[in-house]
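Remarks on the structure that follows.
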Amino acid sequence: MPPTTAPHPTGHPPLRIESLRAVVAPIDFATVRGDDADPALDEFRRAVADVRLEVFVDEQRVPLALEIDARDFAATTIHVLARGADGAPLGTARLLLEPDHPGQVHLGRLAVRRAARGTGLGARLVAAVEQAALQNAAVQGAVTVVLSAQEQAMDFYRRCGYHVITGERYLDAGIWHQDMARTLHRS
């Protein structure tokens, strides 16, 4: 299959992301801080961007200007990337540490490529983000993970142990969302 080249209504050039045909196990998870400037991580960053652009910009038509933001490069950001044994990027998520709110972090930008959906990878990504939250949050004891769930993904997050905070819905990038949370306890 050729790389994705669907035209965008935004006027941006088409994306050229290598197609994913299959998930090759085992799957490896890696994390990188947003401000890590090591050139050896350029390929990791490209893989994270490719997954997010394919899922959010190409499939869901989120404007590119809203998808990639300054938080991606902050010292308080941790990116999680899942790769197959063949090195193909399969999914990603972003963890935002909140120094002004000790004990609270934000899970966002969770994306799983179409060929990897239905394999349990999304739940494994959530678990990897939660582990990173427990390891990196600046407090002892409990850490609350907050997320802005697309309404179509709320059942998935419920299965991962998240609950709706207020039930108030709002539009983000033209997609209905609600806030959800889960409190994790260090063992």
- Message: For the stretch 19-46: of the residues being of a type in the set (A, V, I, L, M) and at pLDDT 95 or above, which is farthest from Leu96 (Cα to Cα)?
- Response: Ile27
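For the stretch 67-97, what are the residues that are among the hydrophobic types (A, V, I, L, M, F, W, C) and either in a helix (DSSP H, G or I) or touching a Gly at 6+ places or on another chain (Cβ under 9 Å) (or both)?
Of everything in the stretch 67-97, those that are among the hydrophobic types (A, V, I, L, M, F, W, C) and either in a helix (DSSP H, G or I) or touching a Gly at 6+ places or on another chain (Cβ under 9 Å) (or both) turn out to be Ala70, Phe73, Ala74, Ala75, Ile78, Val80, Leu81, Ala82, Leu90, Ala93, Leu95, Leu96.
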- When you look at Leu134, is it assigned to a helix (DSSP H, G or I), surrounded by 15 or more Cβ atoms within 10 Å (Cβ to Cβ) and more than 15 Å from the chain's Cα centre (by Cα), yes or no? yes
- Within the group Asp155, Asp179, Asp100, which residue is part of a strand (DSSP E or B) and either over 15 Å from the mean Cα position of the chain (by Cα) or at pLDDT 95 or above (or both)? Asp179
- Message: I'd like to check something: does the stretch 67-84 contain any residue that is small (Gly, Ala, Ser), within 15 Å of Ile27 (Cβ to Cβ), over 11 Å from the mean Cα position of the chain (by Cα) and surrounded by 22 or more Cβ atoms within 10 Å (Cβ to Cβ)?
- Response: no
- Pair list, Cβ under 8 Å, 6 or more apart: the stretch 175-187 residue within 11 Å of Thr144 (Cβ to Cβ) and of a type in the set (Val, Ile, Thr), other residue modelled with pLDDT under 95 and surrounded by fewer than 17 Cβ atoms within 10 Å (Cβ to Cβ): Thr183/Ala142
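The values are calculated or read from the model by the stated rules, or taken from the named source; none is laboratory data. If you're wondering where the values come from, they're calculated on a predicted model, not measured in any experiment. So basically every Cβ, Gly included, is an ideal-geometry build from the backbone, and we count neighbours across all protein chains shown.
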